[in-house]
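Report on the following structure.
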Amino acid sequence: MTEGKLLLEIVTPQGLIFSQEVDEVTASGTEGEFGILPGHVPFVATLKIGMLSCKVGTEVKYFFVNWGYAEVSNDKVLILADSAERSDEIDFERAKAAMQRAEERMRQAENVDFKRAETAIERAVTRIQIAELKRLK
Amino acid sequence: MATLRDIKRRIKAVQSTSKITKAMKMVAASKFRRAQQRMFEMRPYADRMNTILTNLAGSAEGEVHPLLAVRPRRNVEVLVLTSDRGLCGAFNANILKAAMNHVDELRADGFEVRISAVGRKAVDFFKRRSIEQRRAWTGISGKISYYNAQEIAGEIIENYSNEEVDEVILVYNEFKSVVAQRVVIARLLPLAPITAAEESQQVYNFIYEPSMKEIFNSLVPKNVEIQIYRALLESQASEEAARMSAMENATQAANDMIGSLTLQFNKARQASITKELMDIVGGVEALKG
């Protein structure tokens, strides 16, 4: 491994989706966002639904992460996520449709698994945000 | 001696059998490819999960999680994974034999053993032998989802935490290659005690967020689920691979049989022609006289 770099690996039950040397990683932990630079102390955190970004040189890559764990040791960042997508893989239309469905469920007030609808909305919103971020560039 | 028509009928019957087994082989082959792909996709995740847990458990101090604690064994549960459907060679027989041997060994050593079964084959097997099953899951082979693993893991973890069982053993077929499946008897709980001294691994001084307790509380049960899920996928791929080669063999045997029957058919036809010829020649000779 190159000195002064981080090895970022993102794995989900659908396989290894990213493995590359990067300069900086930013992720959304359950306790808040955190950034990791080379030489970070050993660190474990749980991740919530959110964005993960990494810097390679001047380029920034974005990912959508759906719950998971992050482990940092020896300049290696390991992300174990329930599911994750690269920003250009996000299906914008599907996220929008999912949001509408969830909102519809919420509005019906009765017999709704509120928590489930809420997470669905959170997921959709995060996906849309990440996808839009990519569009702006 | 069989008449020509009898032989012909048998050839027809064997031919249609061979067609069926060939079709089943193709179906198994396509199901196998799908199962294998899922299994391969799952492997890196399961491996990384183990790495994290090893790193954490090796560096944490004291008793961090009940599922990691080893207590004196008295009640052992054996979880056997089989398929719902047959026609897959010795796939189910191997696993059930291995499971029975292991159960007998444990009983001989004086442990209380309970059995749980996944797959109709195991359920029927134990029923026939009037062996009591604590729990039976059927109808999941062929369409395994993570939810199945969660359900199974949830019950097992609960029983373990209640101290109803002190050890859980998993018996399943591990996928080696298309022609080789290996029966694995592995301990699921308590999770193997991982000590820092083992493998001279590095001890890290981890910072936990939110806290060590919370991380372990979610990571450890998750690991159990992942292990069960992985075993289910391995078993699934092995099943389809076993079915594929069983059907391949059956098709081969049917074709061999068609060959030898055709030979027999031709011989009989030749014999009857010769006999007719002899009759005619004999008749002609008689008339001449």
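Of note:
- Selection from the range B:268-289 of residues that are surrounded by 10 or more Cβ atoms within 10 Å (Cβ to Cβ) and acidic (Asp, Glu): B:Glu276, B:Asp279
- Residue among B:Glu276, B:Glu248 that is assigned to a helix (DSSP H, G or I) and either in the same structural domain as B:Leu87 (by TED's automatic domain parsing) or closer than 30 Å to B:Gln36 by Cβ (or both): B:Glu248
- Matching residues in the range B:108-147 - criterion: being surrounded by 13 or more Cβ atoms within 10 Å (Cβ to Cβ), part of a helix (DSSP H, G or I) and at pLDDT 90 or above: B:Arg120, B:Lys121, B:Ala122, B:Val123, B:Asp124, B:Phe125, B:Phe126, B:Lys127
- Long-range neighbours under 6 Å by Cβ, at least six apart or interchain, first residue touching a residue at least 60 places away in the same chain (Cβ under 8 Å) and within 12 Å of B:Leu233 (Cβ to Cβ) within the range B:138-167, second of a type in the set (A, V, I, L, M) and assigned to a loop (DSSP other than H, G, I, E, B): B:Asn148/B:Ile140
- Qualifying residue in the range B:111-119 (condition: among the hydrophobic types (A, V, I, L, M, F, W, C), farther than 23 Å from B:Leu53 by Cα and in contact with a Lys or Arg (Cβ under 6 Å, 6 or more places away or on another chain)): yes
- If you go through the range A:1-36 and keep only what is in contact (Cβ under 8 Å) with a residue 60 or more places away in the chain and either more than 25 Å from B:Lys222 (Cβ to Cβ) or assigned to a loop (DSSP other than H, G, I, E, B) (or both), you end up with A:Met1, A:Lys5, A:Pro13, A:Gln14.
- Residue in the range B:223-244 that is of a type in the set (A, V, I, L, M, F, W, C), within 14 Å of chain A (Cβ to nearest Cβ) and within 23 Å of A:Lys76 (Cβ to Cβ) present: yes
- Index of the failed condition, B:Ala98 passing every other in (1) more than 14 Å from chain A (Cβ to nearest Cβ); (2) more than 30 Å from B:Gln37 (Cα to Cα); (3) not aromatic (Phe, Trp, Tyr): (2)
- Verdict on B:Arg85 being surrounded by fewer than 16 Cβ atoms within 10 Å (Cβ to Cβ), under 14 Å from B:Met244 (Cα atoms) and within 14 Å of chain A (Cβ to nearest Cβ): no
- Failed item, numbered, when B:Gly58 is tested on (1) among the small types (Gly, Ala, Ser); (2) touching a residue at least 40 places away in the same chain (Cβ under 8 Å); (3) out of contact with any Asp or Glu (no Cβ under 9 Å at 6 or more places or on another chain): (3)
- Matching entry among B:Asn101, B:Asn50, B:Asn92 (being modelled with pLDDT under 90, assigned by TED's automatic domain parsing to the domain that holds B:Ile157 and part of a helix (DSSP H, G or I)): B:Asn50
- Residues of the range B:167-183 include none that is at pLDDT 90 or above and in a helix (DSSP H, G or I).
- Those residues of the range A:1-56 which are more than 9 Å from chain B (Cβ to nearest Cβ), touching a Pro at 6+ places or on another chain (Cβ under 7 Å) and surrounded by fewer than 21 Cβ atoms within 10 Å (Cβ to Cβ), in sequence order: A:Gly4, A:Lys5
- Restricting the first member to the range B:36-54 and to residues that are more than 17 Å from B:Glu174 (Cβ to Cβ), and the second to residues that are part of a helix (DSSP H, G or I), the beta-carbon pairs closer than 6 Å and six or more apart or on different chains are B:Met49/B:Asn223; B:Met49/B:Ile226; B:Leu53/B:Asn223.
- Residues located in the range A:38-51, provided they are within 16 Å of A:Leu78 (Cβ to Cβ) and not β-branched (Val, Ile, Thr): A:Pro38, A:His40, A:Pro42, A:Phe43, A:Ala45, A:Leu47
- For the range A:61-88, the set of residues classified as more than 14 Å from every other protein chain (Cβ to nearest Cβ) and surrounded by fewer than 17 Cβ atoms within 10 Å (Cβ to Cβ) consists of A:Arg86, A:Asp88, listed by residue number.
- Boolean, B:Arg243 is basic (Lys, Arg) and not in a helix (DSSP H, G or I): no
- So B:Asp6, is it assigned to a helix (DSSP H, G or I), at pLDDT below 90 and surrounded by fewer than 16 Cβ atoms within 10 Å (Cβ to Cβ): no
- Residue count for the range B:27-64 under the criterion of being surrounded by 15 or more Cβ atoms within 10 Å (Cβ to Cβ), within 12 Å of chain A (Cβ to nearest Cβ) and among the charged types (D, E, K, R): the result is 4.
- Failed item in (1) in a helix (DSSP H, G or I); (2) within 14 Å of chain A (Cβ to nearest Cβ); (3) under 30 Å from B:Asn162 (Cα atoms), with B:Leu67 passing the rest: (2)
Listed here are the residues, each with its yes/no results for (1) out of contact with any His (no Cβ under 7 Å at 6 or more places or on another chain); (2) in a loop (DSSP other than H, G, I, E, B); (3) within 25 Å of B:Tyr208 (Cα to Cα).
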position	(1), (2), (3)
A:Val65	yes, no, yes
A:Gly68	yes, no, yes
A:Val72	no, no, yes
A:Leu80	yes, no, yes
A:Asp88	yes, no, no
A:Ala97	yes, no, no
A:Ala102	yes, no, no
A:Arg116	yes, no, no
A:Ala120	yes, no, no
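The values are calculated or read from the model by the stated rules, or taken from the named source; none is laboratory data. Computed from a prediction, not measured in an experiment: that's the story for all the values here. Methodologically, a virtual Cβ is constructed for each residue, glycine included, from the backbone with ideal geometry; neighbour enumeration extends over all protein chains shown.
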